[in-house]
1. Quick one: in region 46-92, of everything that is among the hydroxyl-bearing types (S, T, Y) and more than 16 Å from the chain's Cα centre (by Cα), which residue is surrounded by the fewest Cβ atoms within 10 Å (Cβ to Cβ)?
2. Within region 125-137, identify whether any single residue is more than 30 Å from L49 (Cβ to Cβ), among the acidic types (D, E) and touching a residue at least 12 places away in the same chain (Cβ under 8 Å), and answer yes or no.
3. Criterion first (under 19 Å from the mean Cα position of the chain (by Cα) and under 17 Å from V33 (Cβ atoms)) does L158 satisfy it?
4. Can you pull out the residues in region 151-171 that are loosely packed, with under 15 Cβ neighbours inside 10 Å and small (G, A, S)?
5. F149: more than 19 Å from T34 (Cβ to Cβ), without any contact (Cβ under 8 Å) to a residue 60 or more places away in the chain and in a helix (DSSP H, G or I), yes or no?
6. For region 95-107, name all the residues that are in a helix (DSSP H, G or I) and either modelled with pLDDT under 95 or surrounded by fewer than 22 Cβ atoms within 10 Å (Cβ to Cβ) (or both).
7. Among V154, V163, which is the only one that is β-branched (V, I, T) and within 21 Å of A98 (Cβ to Cβ)?
8. Within the bounds of region 120-137, is there any residue that is at pLDDT below 90 and surrounded by fewer than 15 Cβ atoms within 10 Å (Cβ to Cβ)?
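The values are calculated or read from the model by the stated rules, or taken from the named source; none is laboratory data. Keep in mind the model is a prediction, meaning the values are calculated, not measured. So basically every Cβ, Gly included, is an ideal-geometry build from the backbone, and we count neighbours across all protein chains shown.
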Amino acid sequence: MVIARAHRRTTGTPGTADEEHDFAPAVYGSLLVTTLVAVQWRDDAATELIALSLLTSVAVFWLAHAWSEIVDRRVRGPIGIREAVGVARGEASMLSSALIPALLLGLPRVSEVSADQAIGLALAASILELFLWGLVVGRAAHGSWPFAFGIALVDCSLGILVVVLKVVVIH
């Protein structure tokens, strides 16, 4: 699944420091990780396999996003290796969304945390990521913390709704 970008704001050459940061890959990664954890949560779940699945899936989606963006730019004309690497780097924030949940899924290996608890913690961390992205949006769009908090609640709820819909579609 590729996120369509109807509007890309840049002020300079893509992949350079003067390009505005695109948060869409990180937000999409948070939705993806939340969905993957929710779909794989079952009684006999092996947390190490879920963590490996998260890391592998997010890496594959990162490659798909980077490739689709590179193809989009190539349609408009040739691009160099440096620009292609810049595109891949710009999409790499998606990868960070899997780190904390994957680490939490490793807890049963090194502590008294059960597999069920670790999966619950990974899901909670993923949902917290969605909330924090909503808070970022709320603060960027509106100055007050109470309003930003409200925006975060709404955005997080919409994110959870998207995850629920994805889980329903997958099952």
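1. S68
2. No, region 125-137 contains no residue that is more than 30 Å from L49 (Cβ to Cβ), among the acidic types (D, E) and touching a residue at least 12 places away in the same chain (Cβ under 8 Å).
3. Spelling it out, L158 is indeed under 19 Å from the mean Cα position of the chain (by Cα) and under 17 Å from V33 (Cβ atoms).
4. S157
5. Yes: the conditions hold for F149.
6. Result: L95, S96, L99, I100, L103, L107.
7. It is V163.
8. No; the residues of region 120-137 include none that is at pLDDT below 90 and surrounded by fewer than 15 Cβ atoms within 10 Å (Cβ to Cβ).
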